[in-house]
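Visitor: Structure in structure tokens, see below.
The values are calculated or read from the model by the stated rules, or taken from the named source; none is laboratory data. No experiment lies behind these values; they were computed from the predicted model shown. Positions of Cβ are generated from backbone atoms using ideal geometry, with glycine treated the same way; all protein chains shown enter the neighbour counts. Areas reflect the complete protein model, heavy atoms only, side chains present, ligands, DNA and RNA absent. Shrake-Rupley method; radii C 1.70, N 1.55, O 1.52, S 1.80 Å.
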Amino acid sequence: MGSQKVRTVTSPTNPYYVSKHRMLELQHFCLQYQGWKERRQQLYSEQERTSWRSNDTKQSNRNTENDPTGEIAVRIIFYSQKIELVENTAKDAGEDLWKYLLLGITKGLSYPTLKSVYGIPCGKDAYYRCYRKFFYILDRRRG
């Protein structure tokens, strides 16, 4: 499954216009999605091990010691917020197509790949309309 370079430039008259360099920034942001999910899963495992160890040892002075479980929880929240941002934006932009949109955006898959491998139930124009809408919404949400 190869990826295909999608045009980053749309006409400023397009209702979902995002400038070229902002579009590139947002695309690269979304391509990190799989890494965030993997890292979050690693942190859940690490938190489980850390929590288990901290329950076995008595901490005499909590104020001066760091809280590894809390620190891991903060990092889990950090990745979860990014994951949820991308997923919720796909749901808002793609309605019934959001799962295909999420695949295309986070894995850099082309429409032909989505059609032949995943059986996306729409035409190319409808997909790319949702694709552009996704990045337009994400642009507004990321500020």
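Visitor: For residues that are open to solvent by less than 50 Å² (accessible area, probe 1.4 Å) and modelled with pLDDT under 85, tally how many sit in the range 22-66.
Guide: Here the count works out to 4.
Visitor: For the structure I just gave you, tell me whether K99 is among the charged types (D, E, K, R) and either without any contact (Cβ under 8 Å) to a residue 40 or more places away in the chain or open to solvent by 80 Å² or more (accessible area, probe 1.4 Å) (or both).
Guide: Yes.
Visitor: Specify which of the listed residues (T69, T106) is out of contact with any His (no Cβ under 9 Å at 6 or more places or on another chain), modelled with pLDDT of 95 or more, of a type in the set (V, I, T) and surrounded by 15 or more Cβ atoms within 10 Å (Cβ to Cβ). Walk me through how you get there before you give the answer.
Guide: Working: T69 fails: modelled with pLDDT of 95 or more.
Just one listed residue meets the conditions, T106.
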